[in-house]
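Reading through the structure tokens given below for one structure.
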Amino acid sequence: MPEVGNSSQPLLPLAELHCHLEATVEPADALRLAKRHGVDISPVLNGAGGYQWNSFHEFLTVYDAVSEVIRTAEDYFEITYSYFTRMAAKGMIYGEVFVSPAHAGRFGVPYPALVDAVASAMEAAENDAGVVGRIIVTGVRHYGAEHVVEVAQSLSDHPHPYVTGFGLAGDEASGQNVDFAKAFAIARDAGMGLTTHAGEILGPESIRSALEHLGVSRLGHGVRAIEDEGLLMELAVRGVVLEVCPTSNIAIGLYDSIADHPVGVLVEKGQTVTLSSDDPAFFGVDLADEYRFVAEAHGYDDAALCGFTKNAIEAAFCDSQTRERLRSKVEKT
Ligand code: ADE
Ligand code: ZN
């Protein structure tokens, strides 16, 4: 019988659609990078080997501070290769990561060099460990709509086969979704799959307006759709895919525990649910843990867990040949 993320073989195949690359850097590795670049990150460490924050806004600030240790294309290669090979050892067969050109640009890593570094690391990880990776280029809401247009324009000006999606992260309460419509239109015209954080911090209205103005096929989190029966129906009919990150929602304070998290109800109500880790190094969990927590909370068997992986593969922003390859990997388990 396959096991979730356990070193004993065979492993249950896992797939992830929602993970921020900068947040895959474990504190010990961040300290190593900080030393390399002469940066002090002690203010954001909690003394117990973790990052420290007390609210969602503080989390975003700490996230920016941690991102400052990633300063060169080589750093980007290193963290990407590290994440993908670590997760391959736990059964991950496919992963999409959000990559933020604004964060990389602060220290002079231009868009093409950033994408080349991350994509080369994904290629190396696939050769060495069999895991497939793709990039979702991401704008940050609270950096402003103009910045997000610039990010979309870079993506459009420098096509790369590993860049297959466009997304929007950051403070959901910053600006209106309509402000970002232009950026999403540029990305759509460039052939990108589209997703945005919505229904995480804000409620059902944020989801409705994301669907209306941004034309996304997937929602980052989207869990607060649970508060609106009509919206749930609409999401099910449209086949909108939820990138559900249970531990993140609990860590940010949306729900008290996995027992209170709506993932099980969302499944029961016919939503297309996938599981992801969001910011694994911040929350001290990884994708295998997410699968295990959800299985334990809801008594899901391996077939049910494989269902989350299949949903992710069907919703993945990848080409049809890659999707077919991934399907056959899951079928073999
Ligand atoms: N950036 C990194 N993690 C995030 C989250 N959980 N929500 C919004 N923006 C983010
Ligand atoms: Zn996220």
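The values are calculated or read from the model by the stated rules, or taken from the named source; none is laboratory data. This one's a predicted model, so the numbers in the text were calculated from it and none came from an experiment. Every residue, glycine as well, gets a Cβ built from its backbone with ideal geometry; the counts of neighbours run over all protein chains shown. Keep in mind that these areas ignore ligands, DNA and RNA; they rest on the heavy atoms of the full protein, side chains included. Shrake-Rupley method; radii C 1.70, N 1.55, O 1.52, S 1.80 Å.
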Rounded, prolate or oblate: which fits the chain when a ≥ b ≥ c are the square roots of the eigenvalues of the alpha-carbon gyration tensor, with rounded for a/c under 1.5 and prolate only if a/b beats b/c? rounded
Over region 156-220, relative contact order from alpha-carbon pairs under 8 Å, at least 6 apart, %: 37
If ligands, DNA and RNA are left out, what is the accessible area of Glu234 with a 1.4 Å probe, given in Å² to the nearest 10? 60
Cβ crowding within 10 Å averaged over residues, with 252-260, 13-21 ranked highest first: 13-21, 252-260
Give the shape of region 1-135 as rounded, prolate or oblate, defined through the alpha-carbon gyration tensor: a ≥ b ≥ c are the square roots of its eigenvalues, a/c under 1.5 means rounded, and otherwise the shape is prolate if a/b is larger than b/c and oblate if not. oblate
Once you keep just the Cα pairs under 8 angstrom separated by 6 or more residues, what percentage relative contact order results for the chain? 19
Note to self, the chain gives a 222 nm [θ] from helices alone (DSSP H runs n ≥ 4, -39500 (n - 2.57) apiece, / all residues, nearest 500) of -14500 deg cm²/dmol
Just the number please: accessible area per residue for region 130-184, 1.4 Å probe, all protein chains included, in Å². 35
Leaving out ligands, DNA and RNA but keeping every protein chain, what accessible area does Leu31 have, in Å² rounded to the nearest 10, with a 1.4 Å probe? 90
Take peptides 126-133, 183-190, 43-50 and line them up by average Cβ neighbours within 10 Å, highest first, as a rough protection proxy. 183-190, 126-133, 43-50
Return the distance in nm (one decimal) between the two label points of a simple spin-label model at Ser42 and Ser174, each offset 7 Å from Cα along Cα→Cβ. 2.9
Counting sequence-distant residues (5 or more places) and residues on other chains, those with an amide H built under 5 Å from that of His18 are Glu96, Ser277, Asp278
Partners for Lys329 among lysines (Cα-Cα distance below 29 Å; same-chain residues under 8 apart left out): Lys90, Lys269, Lys310
Quick one: 3J(HN,Hα) in Hz for region 23-40, Karplus 6.51/-1.76/1.60 with θ = phi - 60°, rounded, Gly and Pro as x. 8, 8, 7, 5, x, 5, 6, 4, 5, 5, 5, 4, 5, 4, 9, x, 10, 9
Given a 1.4 angstrom probe, what's the average accessible area per residue across region 1-121, in square angstrom? 38
List, in order, the whole-Hz ³J(HN,Hα) value for each residue of region 268-276 obtained from phi through the Karplus relation with A = 6.51, B = -1.76, C = 1.60 and θ = phi - 60°; use x for Gly and Pro. 4, 8, x, 7, 8, 9, 10, 10, 8
So what J values fall out for region 135-150 if you push phi through Karplus, 6.51 cos²θ - 1.76 cosθ + 1.60 with θ = phi - 60°, rounded to Hz, Gly and Pro as x? 10, 10, 6, 10, x, 10, 3, 7, 8, x, 5, 5, 4, 5, 5, 4
Largest-first ordering by accessible area, 1.4 Å probe, given options Ser120, Ser277: Ser120, Ser277
Could you rank the peptides 110-119, 298-307 by their average count of other C-beta atoms within 10 Å per residue, with the highest value first? 110-119, 298-307
What is the percent carbon and sulfur in the accessible area of region 89-164, measuring with a 1.4 Å probe over the protein chains and ignoring ligands? 51
